[in-house]
Amino acid sequence: MTTFASALRLWLVMLFIAAIVVLGSLLLGGADSSVAASWQALRSADPTPMHTIVWELRLPRSIAAFGVGGLLAISGCLMQILVRNPLADPYTLGLSGGAAVGALGAMLAGAGALATAAGAASGALLACIAVFVLAHRDLLARARAAQREDSTDLILIGVMLAAGLGAIVSMMLVLAPDRNLRGMLFWMMGDLSGVAHGAWPVITLLVCVVLAAPLGRQLNLLMRGEESASALGVRPNVVKSAIFALASVATAVAVTTAGTVGFVGLVVPHALRRVVGNDQRVLLPACAIGGGIVVTIADTISRIVVDPIQLPVGAVMAIIGVPAFMVLLVRRR
Amino acid sequence: MSLELAAESLALSMRGRRLVDALDMRVAPGDVWCVLGPNGAGKSTLLRTLAGLRPADGGRVTLGDRDIASYRPIELARRRGFLPQTIVDAFSLSVLDAVMSARHPSLPFWAWGEDQPAPAQRALRTFELETLAERDVTTLSGGERQRVNIATLFTQDVEVMLLDEPLASLDLHHQMKALHELMRAASQEGKSVVYTVHDINLAFQHATHAVLLDGRGGALAGPKDAVITSDHLSAAFHHPIHGVTLGGELFFRAERLAEP
């Protein structure tokens, strides 16, 4: 049983680590920039080129990476509770497919970064509305018709939608002219190089944590099944709709900022469950910080490891994260 | 505060099939009711309706003279507890966390709940779960998990307890222990208890009242001696069941089927 005091200690320690990681990401760069020079530029106000690099390129990108990671991790955690399935991630309900169709469509039309982001946002929103319309019975039902205790229908609707949208994405990739292809592939693997405004994901992340935290006790009950939860005073329809909306907004903002960054939404909640236990009141804020840390580290590595070429952050994260998670998984047995 | 749970000409149907035509029962504080009947007769449906988890298909259920449908879920959860037939845990969770989660209805909105461990500890001790407190519920055996669920219900600490097959997968000792604790909670703390069960003899020894459903609309409710008789049982279960007196106690024995 985690007490509030120990949870607070955990969050503070994680925030401290996060501050160090973000600072590190500001100081580390390609071969032609030393840590000392970055430190100098970070502290002084002289309008040197290095100052511009640190303050106008690296800082928004680090903040955006942190926000995106936190959003995806918290969304994954909520989605796993919503469908009561440990394999769920932010993209389970087809949101990434909708965003991909919107963003790639905008790219095909030759639009710039802003229109691509708008395309991703509207695609994600449409996919989210489609799921809600198709599954509203599952999400809104006051009393279950039968004593069904799973969300198979909801998952199937999401997976089917994702499959259909995935097919459209494949068509787009095949039909796209070569000069667009590289940007499209990068978008699909998750890419933070085009970030201009880093603040939105972090602001959304804060709002999500503040809105999800009071639901913690009810989420703990919902996780054990709808029938026992409603016997203990939870309104499953209200809580499920709330976490569906929260997870969708979180994912949509993350995808709009950075494309479909994979891995973090599935693995960070699981890894943290093993470390801090499965109390959602502790876990949700921990996911927000932990996901941010993971993506910030991965983005920094993807920036510097084969400089001047930038690697897609999603792929870097999976290459480092998969073995790390495997160790965590196997060691406990 | 004493609460009376009552059904007034309650009708139950499931997928268009009428299970119970009109059931009247009043569960007073201190009463222990067992619900008997063949498979699919509506025992679980009756329990969920009494718990206010599904609407009545006719008639009404009242708790403390108020229609159960008029309560908010959280108000209801402070007064009655319900043990579902199965709780499938998809995620790991420690036994202590699972049991403590039942304090939710009685905590203020912002409270964390760490400062009220007494009911959970008492329940863990009662059901011999102290050594398992830190274990992950997904690694427990079926019987241990059922004890955790019963302990969770006791931790909720409510006036009216409704249990759907509390004895499922429990060993003999823990079956007796669970029934003993239910009887004790009723007689000493004035709680009221309704549970469904398949073992007629265990039910007969551990109840004050009984409901017998036959699944075709018929329902008998009342003091156990009036309801649990070999005639009524044989009719409800479609099987000859005889009463035998052994050491001054009445037992029921189902007749062996003849070789074909």
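Each value in this text was obtained by applying a stated rule to the coordinates, not by laboratory testing. These numbers come from a predicted model, not from an experiment. Positions of Cβ are backbone-derived with ideal geometry, glycine not excepted, and every protein chain shown enters the neighbour counts.
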Q | segment B:38-82 - convex hull of alpha carbons, volume per residue in Å³ | A | 80 Å³
Q | Shape category assigned to segment A:143-239 from the gyration tensor of Cα positions, a/c cut at 1.5 | A | oblate
(Q) On the Cα set of the protein assembly as shown, report Rg and Dmax in Å, please. (A) 29.0, 101
(Q) I want the local charge near residue A:61. Using Cβ-Cβ distances under 15 Å, sum +1 for each Lys or Arg and -1 for each Asp or Glu among the other residues. (A) -2
Q.
How large is the Rg to Rh ratio of chain B when both quantities use alpha carbon positions and Rh follows Kirkwood?
A. 0.98
(Q) Can you bin every Cα-Cα distance in segment A:87-205 into 5 Å intervals starting at zero and give me the percent of pairs per bin, rounded to whole numbers? (A) 2, 11, 18, 20, 17, 13, 9, 5, 3, 2, 0
Q. What list of ³J(HN,Hα) couplings, whole Hz, do you get for segment A:250-267 from phi and the Karplus terms 6.51, -1.76, 1.60, once you set θ to phi - 60° and write x for glycine and proline?
A. 4, 5, 4, 5, 4, 5, 5, 6, 10, x, 8, 6, x, 6, 4, x, 8, 8
Q. Based on the Cβ-Cβ distance of residue A:34 and residue A:211, what FRET efficiency does E = 1/(1 + (r/R0)^6) give at R0 = 30 Å, to the nearest 0.05?
A. 0.10
Q: Over the whole of B:86-97, what's the average partner chain Cβ count within 10 Å per residue? Rounded to a whole number, please.
A: 6
Q. By per-residue mean of other Cβ atoms within 10 Å, what is the highest-first order of B:134-142, B:38-46?
A. B:38-46, B:134-142
Q. So what is the calculated 222 nm ellipticity per residue for chain B, using -39500 (n - 2.57) for each DSSP H run with n of 4 or more, over all residues, to the nearest 500 deg cm²/dmol?
A. -8500 deg cm²/dmol
Q. Out of A:293, A:180, A:277, whose Cα points farthest toward the positive end of the dipole of segment A:4-331 (charges: +1 Lys, Arg; -1 Asp, Glu; placed on Cβ)?
A. A:277
Q. Which log10 I(q)/I(0) values, to two decimals, does segment A:1-73 give at q = 0.12, 0.21 Å⁻¹ under the Debye formula with one point per Cα?
A. -0.43, -0.91
(Q) Can you compute the FRET efficiency between residue B:14 and residue B:130 using 1/(1 + (r/R0)^6), with r the Cβ-Cβ distance and R0 = 45 Å? Round to the nearest 0.05. (A) 0.65
Q) Which length gain, in nm to one decimal place, applies between residue A:203 and residue A:115 when the Cα-Cα distance is subtracted from 0.36 nm times their residue separation? A) 29.6 nm
Q. Once Rh is set to the Kirkwood radius over Cα pairs, what Stokes-Einstein translational diffusion coefficient, in µm²/s, holds for segment A:1-153 at a temperature of 20 °C and a viscosity of 1.002 mPa s?
A. 110 µm²/s
Q: May I ask for the Rg/Rh ratio of chain A, computed from Cα atoms with Rh as the Kirkwood radius, given to two decimals?
A: 0.99
Q: Report, in debye and to the nearest 20, how large the dipole of chain B comes out about its Cα centre when Lys and Arg carry +1 and Asp and Glu carry -1 on their Cβ.
A: 480 debye
(Q) Please list, in order along segment A:300-312, the HN-Hα scalar couplings obtained from phi with the Karplus expression 6.51 cos²θ - 1.76 cosθ + 1.60 (θ = phi - 60°), rounded to whole Hz, x for Gly and Pro. (A) 4, 4, 5, 6, 10, 5, 10, 3, x, 6, 9, 8, x
Q. Let a ≥ b ≥ c be the square roots of the eigenvalues of the Cα gyration tensor of segment B:173-239; is it rounded (a/c under 1.5), or, if not, prolate (a/b larger than b/c) or oblate?
A. prolate
Q.
If you take every residue apart from residue B:240 with its C-beta less than 12 Å away from the C-beta of residue B:240, what net charge results, scoring Lys and Arg +1 and Asp and Glu -1?
A. 0
Q: Kindly express, to the nearest 10 degrees and within the range 0 to 90, the angle between helix A:199-212's C-alpha long axis and the longest C-alpha principal axis of chain A.
A: 20 degrees
Q) For helix B:142-156, what angle does its Cα long axis make with the longest principal axis of chain B, in degrees from 0 to 90 and rounded to 10? A) 70 degrees
Q: Any chance you could give the angle, 0 to 90 degrees and rounded to 10, that helix B:172-189 forms with the longest Cα principal axis of chain B?
A: 80 degrees
Q.
Can you compute the charge dipole magnitude of segment A:257-333 about its Cα centre, using +1 on each Lys and Arg Cβ and -1 on each Asp and Glu Cβ, nothing else charged? Give it in debye, rounded to the nearest 20.
A. 440 debye
Q) Quick one: putting +1 on the C-beta of Lys and Arg, -1 on the C-beta of Asp and Glu, what dipole do you get for the protein assembly as shown around its Cα centre, in Debye to the nearest 20? A) 660 debye
Q. With labels modelled as points extended 7 Å from the Cα through the Cβ direction, what inter-label distance (nm, one decimal) is found for residue B:122 paired with residue B:257?
A. 4.7 nm
Q: Identify which of A:303, A:179, A:274 has the largest mean-square fluctuation in a Gaussian network model of chain A, with springs joining Cα atoms closer than 10 Å.
A: A:179
Q) Within segment A:219-234, what residues put their amide N at less than 13 Å from the label point 7 Å along the Cα-to-Cβ vector of residue B:138? A) A:224
Q. Trypsin sites (Lys or Arg not before Pro) within segment A:50-148: which are DSSP loop residues with at most 16 other Cβ atoms inside 10 Å?
A. A:142, A:144, A:148
Q) Looking only at other chains, what is the average number of their beta-carbon atoms within 10 angstrom of each beta-carbon in A:214-226? A) 4
Q | Integer Hz, Karplus 6.51/-1.76/1.60 couplings in order for segment B:100-112, x for Gly and Pro | A | 5, 4, 6, 6, 2, x, 8, 8, x, 3, 8, 6, 8
Q: Give the cross-link partners of residue B:191 among the lysines, using a straight C-alpha distance below 19 Å as the criterion and excluding same-chain residues fewer than 8 apart.
A: B:177, B:224
